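Enquirer: Can you keep this structure in mind? I'll have questions shortly.
Every read-out reported here was derived from the displayed coordinates using simple, explicitly stated rules and does not represent laboratory data. Note that the structure is predicted; figures quoted are calculated from it, not measured. For neighbour counting, all protein chains shown are included, and Cβ atoms are generated from backbone atoms with ideal geometry for every residue, glycine included.
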Amino acid sequence: EISNLFGACLADQMIKILHSYPKQMILEIGAGSGQLAFDILTRLDNRGFVPDQYYILELSADLKDRQQRLLAKLPNNLLEKVTWLDSLPENLITGVILGNEVLDAMPCRRFRIQDEDIYEIGVTYTNQRLIEQDKLADEVIKDSVHKIEKELNRKFANGFISEIRPNYKNWFSAISASLVSGAIMFIDYGCSRGEYYSTDRSTGTLVCHYQNMAHYDPLYLPGLQDLS
């Protein structure tokens with residue numbers, strides 16, 4: 001949100017995709033403050049290319065309110081194209097599905113290797129405070145971990161901790177099923193699977209942010225800090 005250049009670059013790329021379709025649609029998943037949608041629509045309008053529909057799939061009532069207040073500043077010819085959704089659209093998309101820093105916000109499940117078995121790291125409440133508690137992993141997590149070990153051609157060492165999203169393929173399949181033709185654009189930080197599950201990351205990649213402080217205790221300020 002430092003400048004509008006990122007949104008302008010995405011809009012320019014979208015034009016190359018959208019012009020191929022008589023019904024030109026954009027679906028943004030998780031629009032945050034709404035600034036990116038604002039910048040994209042403004043750039044498209046400046047280039048004389050207004051889409052037929054700009055959907056925003058937003059589950060947070062607070063963020064939806066922020067988005068609506070910001071996008072209300074758009075000219076009417078742009079604002080009338082915007083529709084908020086709380087689930088994937090019934091009408092299939094021809095155009096672009098966009099997600100900026102959405103993948104990083106998806107929930108994951110943490111696991112630990114202990115005594116050659118796989119445990120899921122959970123949370124329990126005792127003595128008036130939250131603490132971590134391990135339990136034997138279910139078959140979904142076990143199968144996912146074994147698959148990763150097979151792909152990496154190595155076993156995770158005793159004490160190794162990391163994260164996994166067993167159902168991400170189902171999520172991607174649902175997103176893909178909403179697109180008749182066009183492109184899906186996801187922007188986020190990332191690395192290869194080998195780097196992610198490197199022995200150098202033996203305590204996982206979970207990081208907590210509160211104001212200008214970064215730390216590794218997700219139970220320190222529940223509800224106030226960002227988890228990544």
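Enquirer: Calculated from DSSP H runs of 4 or more alone, at -39500 (n - 2.57) each and per residue, what is the 222 nm mean residue ellipticity of the chain, nearest 500?
Expert: Here the helix-only value at 222 nm equals -9000 deg cm²/dmol.
Enquirer: Further question: How many times 2.2 N^0.38 Å is the alpha carbon radius of gyration of the range 132-201?
Expert: 1.38
Enquirer: While we're on this one: Alpha carbons only, please: Rg and Dmax for the range 88-139, in angstrom.
Expert: Values for the range 88-139 (Cα only, Rg and Dmax): 18.5, 54 Å.
Enquirer: So what's the angle, to the nearest 10 degrees on a 0 to 90 scale, between helix 5-18 and the longest Cα principal axis of the chain?
Expert: In the chain, helix 5-18 runs at an angle near 70 degrees to the longest axis.
Enquirer: Tell me the angle of helix 61-71 to the major Cα principal axis of the chain, expressed in degrees between 0 and 90 and rounded to the nearest ten.
Expert: Its long axis makes an angle of about 30 degrees.
Enquirer: On a C-alpha basis, how far is the centre of the range 115-133 from the centre of the range 176-228 in Å? Whole number, if you could?
Expert: When both Cα centres are located, 21 Å separates them.
Enquirer: Restricting to the chain, what percent of DSSP beta bridges are antiparallel, rounded to 5?
Expert: The antiparallel proportion sits near 50 percent.
Enquirer: If you don't mind, there's one more thing I want to ask. Sort 72-83, 213-224 for me by packing, meaning the mean count of neighbouring Cβ atoms within 10 Å per residue, highest on top.
Expert: For the peptides 72-83, 213-224, the packing ranking is 72-83, 213-224.
Enquirer: What's log10 of I(q)/I(0) for the range 1-78 at q = 0.21, 0.26 Å⁻¹, Debye sum over Cα points only, no solvent?
Expert: -0.96, -1.37
Enquirer: Here is a further query. If you take the C-alpha gyration tensor of the range 74-181, multiply each eigenvalue by 5 and take the square root, what semi-axes do you get, largest first, in whole Å?
Expert: Equivalent ellipsoid of the range 74-181: 39, 20, 11 Å, largest first.
Enquirer: For the range 23-63, what relative contact order do you get, as a whole percent, if you take Cα pairs closer than 8 Å and at least 6 residues apart?
Expert: Relative contact order for the range 23-63 comes out at 62 percent.
Enquirer: Additional query: Please work out the Cα convex hull volume for the chain and give it in Å³ per residue.
Expert: Dividing the Cα hull volume of the chain by its residue count gives 161 Å³.
Enquirer: Separation between the Ile184 and Ala214 pseudo-spin-labels, each 7 Å from Cα along Cα→Cβ, expressed in nm?
Expert: Here the answer is 2.9 nm between the modelled labels.
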